[in-house]
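Right, one structure below, let's go through it.
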Amino acid sequence: MFLFALAAGVQLLQGGNYFDGDTGYHLAVARLIGEHGTLRAFPWTSFSWLADHYADKELLFHVLMVPFAHLEPNLAARIAGTLFGGLALSTLYLILRAERVPRAILWPLVALLSSGAFVHRFALVRPHLLSIPLALLVIWGASRRNWGWLLLACVLFPLSYTAWHLPLVLVAIVEGGRLVTERRVTMAAPMVTVLGLAIGVLLHPNFPANLEFFWIQNVEVLFQTAWAGAEGFELGGEFKPFSPMGMVRYLTLPTAGALVALALGWRDRQRDSLPFVVALTALAFAVLTFKTQRFIEYEAPVAALALGLAWGMRARNPLLPAILALVGLVWTAGLGMRPIEMLRGRTILFPPAVAEELARVIPRGAQVVTCDWEFTGEMMLALPDRRFLVALDPVFFYRGDPVAYRTWFSLVRDPPPRAAAVARDDLRGDYVLCDSRPRWRPFIELLDADPEAEFVGRYGYWYVMALPRGPWSPPGSAPAPRSQ
């Protein structure tokens with residue numbers, strides 16, 4: 001219970017509103033599954049590749065949220081974050097307990113306090129909260145030749161997380177570490193891994209679309225777009241590396257822990273190769289984190305696991321995990337608070353009164369043109385049964401209709417004189433819903449002056465424009481009266 005309470009405490013760091021826009025999308029999908037059952041299409045984002053080729057890359061995550069998805073969104077997010085976060089911390093603890101590591105309950109706390117960036121990622125209610133415990137089980141199951149746990153984790157990976165190739169990478173590192181320490185490997189671990197992944201992929205109700213989705217998400221989004229710096233796409237800062245100072249602040253303790261565990265594991269490799277193998281995995285995640293900061297979500301817990309295992313083999317100083325937790329607390333409080341402070345600064349974008357007004361002026365079934373993609377999930381919660389352009393990464397919009405994507409991307413950033421006609425005719429828009437950030441002001445002002453658009457009103461942070469002469473407007477969707 002302590003670890004679930006700890007996860008709940010991390011959720012409370014987010015203040016009055018869940019921090020992450022993607023959380024809204026996941027809650028919206030959980031609601032849709034509760035209402036419609038298994039989803040095989042996603043018409044709510046009509047221009048996305050997912051509209052006609054739907055594959056739920058985080059099916060298990062969404063299914064587990066269905067029982068409470070219809071609660072108030074912030075409450076639902078906190079329940080999900082507590083349950084999934086507690087599961088991640090408990091898995092770390094249970095592995096250490098199975099290895100008879102003294103004071104195993106303290107090592108999840110060491111992981112949390114080792115990096116403010118890890119606390120930030122841990123607080124986000126996203127599917128990586130399921131991927132973390134599954135990754136830990138893969139590492140431990142492959143290292144200990146526990147084929148049952150390894151098989152189970154590999155079956156669940158394709159049902160839970162988009163990067164379901166990760167177990168293959170982890171098992172390859174495990175076998176490489178065993179080759180170095182024990183001068184032997186086995187094909188059983190790769191075979192069990194492949195078998196489990198194959199079962200999970202085939203069991204997915206969206207097979208075979210989930211295979212194509214895997215390629216888009218992991219190759220086209222990550223390698224060809226995010227890491228390649230492709231123009232015309234804005235994917236968010238989490239795909240970027242930390243700044244040099246950020247690396248010092250957020251990677252020093254986890255990386256140092258992994259290096260110490262590697263050295264201790266090498267010294268004790270004749271007794272047990274497990275600490276060395278886990279430390280090697282932690283360092284592999286450290287290398288990835290230098291490329292993309294989001295991999296801190298794996299580096300920190302795997303490094304804590306490695307250090308706990310290495311210390312547990314010797315157990316010289318019984319106070320070591322408490323000392324490390326204290327060091328982490330001082331380090332993070334002094335140097336790593338910025339990501340944690342960010343969790344408290346997000347505004348509620350759709351308070352109930354605003355959501356009610358928007359639902360009144362934008363009818364069900366309307367096609368809504370938005371200025372960005374990052375808030376689509378929250379729009380789906382506030383305005384159910386409306387159609388938007390895209391959710392998730394904009395690459396799925398591009399994959400669905402490259403011409404329309406380029407039209408939309410330039411429309412909101414460098415609007416043409418007849419912007420309303422483009423939004424209405426090329427993007428089939430009935431309404432424009434745009435937030436009030438300064439970057440969209442030229443587009444909003446141009447629409448306001450355009451005789452082919454009608455200003456409906458400003459509701460909280462949102463401007464609404466109607467496109468009344470759109471040939472695709474649904475019957476009875478006449479623009480609402482202007483707000484005063």
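The values are calculated or read from the model by the stated rules, or taken from the named source; none is laboratory data. No experiment lies behind these values; they were computed from the predicted model shown. Every residue, glycine as well, gets a Cβ built from its backbone with ideal geometry; the counts of neighbours run over all protein chains shown.
Checking Pro417, Pro481, Pro468, Pro402 one by one, the residue that is touching a strand residue (DSSP E or B) at 6+ places or on another chain (Cβ under 7 Å) and either at pLDDT below 95 or buried (at least 21 other Cβ atoms within 10 Å of the Cβ) (or both) is Pro468 and no other. Are there any pairs, at least 6 apart or on different chains, whose C-beta atoms fall under 9 Å, with the first in segment 448-463 and on the phi > 0 side of the Ramachandran plot and the second surrounded by fewer than 17 Cβ atoms within 10 Å (Cβ to Cβ) and acidic (Asp, Glu), and if so, which? Between residues of segment 448-463 that are on the phi > 0 side of the Ramachandran plot and residues that are surrounded by fewer than 17 Cβ atoms within 10 Å (Cβ to Cβ) and acidic (Asp, Glu), there is no close pair. Does segment 276-288 contain at least one residue that is of a type in the set (Val, Ile, Thr), under 14 Å from Val110 (Cβ atoms) and surrounded by fewer than 18 Cβ atoms within 10 Å (Cβ to Cβ)? Taking every residue of segment 276-288 in turn, none turns out to be of a type in the set (Val, Ile, Thr), under 14 Å from Val110 (Cβ atoms) and surrounded by fewer than 18 Cβ atoms within 10 Å (Cβ to Cβ).
Filtering segment 27-68 down to residues that are in contact with a Gly (Cβ under 6 Å, 6 or more places away or on another chain) and more than 17 Å from Phe207 (Cβ to Cβ), which residue is surrounded by the fewest Cβ atoms within 10 Å (Cβ to Cβ)? So that I can check it myself, show each step before the final result.
Filtering segment 27-68 for residues in contact with a Gly (Cβ under 6 Å, 6 or more places away or on another chain) gives 28, 47-49, 66.
From what is left, the residues that are more than 17 Å from Phe207 (Cβ to Cβ) are 28, 47-48, 66.
Values: Ala28: 23, Phe47: 23, Ser48: 29, Val66: 15.
Ranking the qualifying residues of segment 27-68, first place goes to Val66.
From the set of residues in segment 245-275 that are of a type outside the set (A, V, I, L, M) and in contact with a Leu (Cβ under 9 Å, 6 or more places away or on another chain), which is surrounded by the most Cβ atoms within 10 Å (Cβ to Cβ)? Within segment 245-275, the match that is surrounded by the most Cβ atoms within 10 Å (Cβ to Cβ) is Pro275. Ser90 meets the conditions (1) out of contact with any Gly (no Cβ under 8 Å at 6 or more places or on another chain); (2) of a type outside the set (Val, Ile, Thr); (3) assigned to a loop (DSSP other than H, G, I, E, B); (4) farther than 30 Å from Tyr398 by Cα in every case but one. The failed one is (3).
Residue by residue, here is whether (1) β-branched (Val, Ile, Thr); (2) part of a helix (DSSP H, G or I); (3) closer than 13 Å to Val138 by Cα; (4) over 23 Å from the mean Cα position of the chain (by Cα) holds:
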site: Ala172; (1), (2), (3), (4): no, yes, yes, yes
site: Gly177; (1), (2), (3), (4): no, yes, no, yes
site: Leu197; (1), (2), (3), (4): no, yes, yes, no
site: Asn206; (1), (2), (3), (4): no, no, no, no
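When the helices (runs of 4 or more DSSP H) confined to segment 344-418 are screened for residues that are more than 20 Å from Tyr463 (Cβ to Cβ), those reaching at least 1 such residues are found at 395-400, 402-413.
Pick from Ala172, Ala117, Ala163: which is buried (at least 24 other Cβ atoms within 10 Å of the Cβ) and of a type outside the set (Ser, Thr, Tyr)?
Working: Ala172 fails: buried (at least 24 other Cβ atoms within 10 Å of the Cβ); Ala163 fails: buried (at least 24 other Cβ atoms within 10 Å of the Cβ).
Result of the check over Ala172, Ala117, Ala163: Ala117.
Can you tell me which of Ala142, Ala153, Ala88 is within 20 Å of Asp22 (Cα to Cα), buried (at least 24 other Cβ atoms within 10 Å of the Cβ) and in contact with a Leu (Cβ under 9 Å, 6 or more places away or on another chain)?
Details: Ala142 fails: within 20 Å of Asp22 (Cα to Cα); Ala153 fails: within 20 Å of Asp22 (Cα to Cα).
None of the other options fit; the residue is Ala88.
Filter segment 7-16 down to residues that are out of contact with any Phe, Trp or Tyr (no Cβ under 7 Å at 6 or more places or on another chain) and buried (at least 19 other Cβ atoms within 10 Å of the Cβ) and give me whichever is nearest to Leu92 (Cα to Cα). Checking each candidate, the answer is Ala7.
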